[in-house]
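To start, the structure under review is shown below, and the notes come after it.
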């Protein structure tokens, strides 16, 4: 399902994007448990810090819940979360105001 990050920007964003794609493609469904951090480190070929940063971003988007001692689980996401997910997928957060206006046109 996941592959090592071949991304020259922010590694945690690359991992976040892969997890979001897996959710959007139906590979991960609400209630599914993500692999343990150490396993994801091997899958993505990154450190635990990078995995934790990616998980924090997903928690911030409301896509993942972390249950301490149990793991990270995919949340049920309603329609109000679509804009946040789209912004994450398009990486709008890194765009400038000028770029956002260009997209709007």
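Please treat every number below as a calculation from the coordinates, not as lab data. Bear in mind the structure is a predicted one, so any value in this text is a computation, not a measurement.
Mind checking the full-extension length gain between residue 42 and residue 21? Use 0.36 nm per residue of separation minus the Cα-Cα distance, one decimal, nm.
Gain on stretching residue 42 to residue 21: 5.6 nm.
Let me check I have the definition right: for region 39-79, take the eigenvalues of the Cα gyration tensor, multiply each by 5, take square roots. What are those semi-axes in whole Å, largest first? Please list the in-between numbers first.
Details: eigenvalues 80, 26, 16 Å².
In descending order the semi-axes read 20, 11, 9 Å.
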